[in-house]
Amino acid sequence: MKRLTFLLFCLLLGIGMANAQTTKVTGTVISAEDNEPIIGASIVVKGTTIGTVTDFNGAFSLDVPSSAKTLVVSFVGMKSQEIGIKPTLHVVLAADNQMLDEVMVVAYGTAKKSSFTGAASSVNAEKVLKDVPVTSFEQALQGATTGLTVNSSSGQPGAGLSIRIRGTGSMNATNEPLYVIDGVPVISGDIAVSGVSNDSKAFNIMSSINPSDIENITVLKDAAAASLYGSRAANGVILITTKRGKEGKTQINFKANWGFSDWAVKNRETVSGEQQHELTYEAYYNEGILYKDMSEEEARAYAQEGADTFAPLRDHYSNWEDALFKKSAFNQNYEFSAQGGSELTNFFASLNYKTEDGMINTTGMEGFTGRVNDGKMQMGANISFSKQKSEMASEGTAYANAYFVKNWYAIPNLPIYNEDGSFYEGFPLDQLNVPNPLRDQGLDKNTSEVLRSTNSLWASYKIIEGLTIKETISYDFIDNQSTTYWPMNSNNGEAYNGLMIKYPYQHHNIYSSTVLNYTNTFADKHNLDVLLGWDVDDRKEQFVQAVGANYPHDKLPELGNTSEPMTASSGYSEDHLLSLLSRINYDYDDKYYISANYRRDGSSRLGANTRWGNFWSVSAAWRLSQEAFMKNLTYVDDLKLRVSYGINGTLP
């Protein structure tokens, strides 16, 4: 018995000693900015390699040696903290503003904000785009930075946007900025095509980028900032940097949101059926008295006839706004992403599906986007893919424009249906030669199905200390399948016994860039940055348009089923841009800065005698806040004077 008691005592003592060697620490890590949990924060025992990372809820659990006194908690973009070990911890990390603001993306590289001599604004996508329900990231840029305005001529989903950086730059050529994604200039703007004259169809190709995939946006505003893009930089440049994976444990995220939209401005209030009858009576009465020289009795009879004809009193009146429009336009968005990395490589992958309804019954947009970014240090790849479909309604004074119809002739006294439930087609619709707007609303089809694939590869190599070469090659492909279909029973299609227009349009863009970059610091105060490079940009566009009419029925609405081929045409164009570029940046002691940029562009769009153009800029800055005489002004954080002059261009 004594032997057994002794063995049990030794066992309990051993367990106690083992437990005494480690201590379990649990806790959570949140952000001071929004009190949200930080996923993937690193918790390490100071002076050791013992550590862990936080989970989806920002929580962690770690067994630490009993001799340990301090934990180091860190996360990218946050100030690291050293915290004394306790059984339970609640850690709040603050943003490291110096780290976040120190470097920004600029033309062909990065630069410290303090040393940049051009006019540029950096937009943190996490702050501006997070959980904002927009089809295109451009919609969220309004108000995010100075000097940039965003306008839309239409509120329909997928409609094109008008972006202006510091106003209008040209009376005849485009005023849209150049877009550069991960260092590659891309096709942007409204790419919609239509075989119908004055069609309001639109499609903003930048909606092919999932806003949640964007890490940072830099807006280059003046010649000094944008001159390295030469003949395409007169309207400013928008640089987009997409997300990269971060070293550490793989993180998987899923986000879903639903919402609805309403009129930005409510439709003007309309009169009731009785009021419409009264106003019509008054109008005819005044016409009879003032212009037809009628007696009081004749004018009253004339007015009664007019009011009974054009605005008759009814037992029930029509609500055309409820019939032609949705009460609310719903949207939904689902996003899945994964990111992670090691010392050798990192990755970011995402998949997004979204739908957005328009306020008009038949309008809307849906599609999906995908992205894979992979690479680190010496080489990498960026691959994105999207497929989207939009359907738009006619605008302007077209009879099929529901908003125009509702405010023109669709008064409450005009019936929507006959007593038997069929659509009303009587007076005044038959006199105006227009159909019942609700019957015709869902018949015509005006769609764009757009597929986009953007793929780029890059590799860099350090030749000697301070001298690197980087090569980038990219292929951007866009296929826009535009379709207009007027069935036999629609107002448009009745004259043709049904009509279809197929208009596939393709864009091909191959881009390559080679850049040599040399950086060095001499005598601890002289900083030099020299860049030399050349770009090749080849663009091709091709289309085929075919029109057919006279269908036997509406069951198979394809061109092959028409008995009357009407027209067919095709087109092809290509242009090439060859560019040589250079940049020199010099600063002394982080106080005095000077920069010079030069680019020479040759475009096949121009004649042989005017094919080449030179674009350049010079700029300088003086950072007064670094001077000794400013040190006592504690209320001044940073003060810099800068001056710049340059020439940019616009291609026709």
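The values are calculated or read from the model by the stated rules, or taken from the named source; none is laboratory data. Note that this is a predicted model, so its numbers are computed, not measured. Cβ atoms come from the backbone with ideal geometry, glycine included; neighbour counts cover every protein chain shown. When the accessible area is computed, the model is the full protein with side chains, heavy atoms only, and any ligands, DNA or RNA have been set aside. Shrake-Rupley method; radii C 1.70, N 1.55, O 1.52, S 1.80 Å.
Against the test of being without any contact (Cβ under 8 Å) to a residue 24 or more places away in the chain and at negative phi, the options Asn436, Asn480 yield a single qualifying residue, Asn436. Scanning region 159-171 for residues that are in a loop (DSSP other than H, G, I, E, B), within 15 Å of Met206 (Cβ to Cβ) and open to solvent by 30 Å² or more (accessible area, probe 1.4 Å) yields nothing.
Every condition in (1) touching a Pro at 6+ places or on another chain (Cβ under 9 Å); (2) in a loop (DSSP other than H, G, I, E, B); (3) over 30 Å from Ala410 (Cα atoms) is met by Glu176 except one, and the failing one is (1). When the residues of region 543-552 are filtered to those that are over 14 Å from Glu494 (Cβ atoms) and not β-branched (Val, Ile, Thr), the one that is surrounded by the fewest Cβ atoms within 10 Å (Cβ to Cβ) is Pro552. Considering region 264-282, and only residues there that are in contact (Cβ under 8 Å) with a residue 60 or more places away in the chain and of a type in the set (A, V, I, L, M), the residue that is least open to solvent (accessible area, probe 1.4 Å) turns out to be Val271. In a residue-by-residue description of region 241-263, the property of being open to solvent by less than 50 Å² (accessible area, probe 1.4 Å), closer than 30 Å to Phe347 by Cβ and among the hydrophobic types (A, V, I, L, M, F, W, C) applies to at least one position.
Restricting to region 570-587, name every residue that is open to solvent by less than 50 Å² (accessible area, probe 1.4 Å) and within 30 Å of Val186 (Cβ to Cβ).
So the first thing to find is which residues in region 570-587 are open to solvent by less than 50 Å² (accessible area, probe 1.4 Å), and the list is 571, 575, 577, 579, 581-583, 585, 587.
Within region 570-587, Gly571, Asp575, Leu577, Ser579, Leu581, Ser582, Arg583, Asn585 qualify.
The number of residues in region 292-319 that are part of a loop (DSSP other than H, G, I, E, B), open to solvent by 60 Å² or more (accessible area, probe 1.4 Å) and closer than 23 Å to Tyr409 by Cβ comes to 6. Scanning region 212-240 for residues that are open to solvent by 20 Å² or more (accessible area, probe 1.4 Å) and not charged (D, E, K, R) yields a total of 4.
Of all the residues in region 373-408, those that are closer than 24 Å to Ile214 by Cβ and surrounded by 15 or more Cβ atoms within 10 Å (Cβ to Cβ) number 15.
Report those strands (runs of 3 or more DSSP E) wholly inside region 536-640 carrying at least 1 residues which are among the aliphatic types (A, V, I, L, M) and closer than 23 Å to Ala173 by Cβ.
It comes to 564-588.
When you check Thr174 against the structure, is it modelled with pLDDT under 85, open to solvent by 50 Å² or more (accessible area, probe 1.4 Å) and within 28 Å of Thr472 (Cβ to Cβ), yes or no? Answer is yes for this residue.
Here is a check on your reading of the model: is Ile209 more than 30 Å from Ala400 (Cβ to Cβ), buried (at least 23 other Cβ atoms within 10 Å of the Cβ), touching a residue at least 40 places away in the same chain (Cβ under 8 Å) and in contact with a helix residue (DSSP H, G or I) (Cβ under 8 Å, 6 or more places away or on another chain)? Yes; evaluated as a whole, the condition is true for this residue. Scanning region 188-243 for residues that are within 18 Å of Ser337 (Cβ to Cβ) and not in a strand (DSSP E or B) yields Ser208, Ile209, Asn210, Pro211, Ser212, Asp213, Lys243.
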